[in-house]
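Here is the structure we will look at.
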Amino acid sequence: MRKEVQTNLQFVDVLNQWDPFHLKNGDYDTEIADTVQAVHELDDPIKLAERIQAIYEFSFEKVIPLDECKKIANELLVIKVNQSCSL
């Protein structure tokens, strides 16, 4: 499997487990796709957290606290950095 695909699957797993609105049925497909794209575009954890917050707010009309978004942004960026550093 290509490294990019494997990395994206890791992002999806983390985001599926997150479940910020406690839906328990994984209704975040659109938001996850948008968030994965944002991870590829951004390296700054604050900017990524703000983008994640905006993505989910747009879809659900509820605001996730920025601190929660920062935690998930940091997790995603760790995966991104680790994958880019591996051979």
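The values are calculated or read from the model by the stated rules, or taken from the named source; none is laboratory data. Everything numeric in this text was worked out from a predicted model, so none of it was measured. Cβ atoms come from the backbone with ideal geometry, glycine included; neighbour counts cover every protein chain shown.
Listed values, structure above:
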| item | result |
| --- | --- |
| Enumeration of residues in segment 73-87 that are without any contact (Cβ under 8 Å) to a residue 40 or more places away in the chain and part of a helix (DSSP H, G or I) | ALA73, ASN74, LEU77, VAL78, VAL81, ASN82, SER84, CYS85 |
| Candidate set: segment 51-83, residues that are surrounded by 15 or more Cβ atoms within 10 Å (Cβ to Cβ) and polar (S, T, N, Q); chosen: the one modelled with the lowest pLDDT | GLN83 |
| Filtered residue count, segment 51-87, keeping only those that are in contact with a Leu (Cβ under 7 Å, 6 or more places away or on another chain) and over 19 Å from LEU9 (Cβ atoms) | 2 |
| Top-ranked residue in segment 15-30 [being touching a helix residue (DSSP H, G or I) at 6+ places or on another chain (Cβ under 8 Å) and surrounded by fewer than 18 Cβ atoms within 10 Å (Cβ to Cβ); ranked as modelled with the lowest pLDDT] | GLY26 |
| Candidate set: segment 1-14, residues that are loosely packed, with under 15 Cβ neighbours inside 10 Å and free of Cβ contacts under 8 Å to residues at least 60 places away in the same chain; chosen: the one farthest from VAL81 (Cα to Cα) | MET1 |
| VAL39 vs. criteria closer than 14 Å to GLU68 by Cβ and either surrounded by fewer than 14 Cβ atoms within 10 Å (Cβ to Cβ) or within 9 Å of the chain's Cα centre (by Cα) (or both) | no |
| All positions within segment 29-72 that are part of a loop (DSSP other than H, G, I, E, B) and free of Cβ contacts under 8 Å to residues at least 24 places away in the same chain | LEU42, ASP44, GLU61, VAL63, PRO65 |
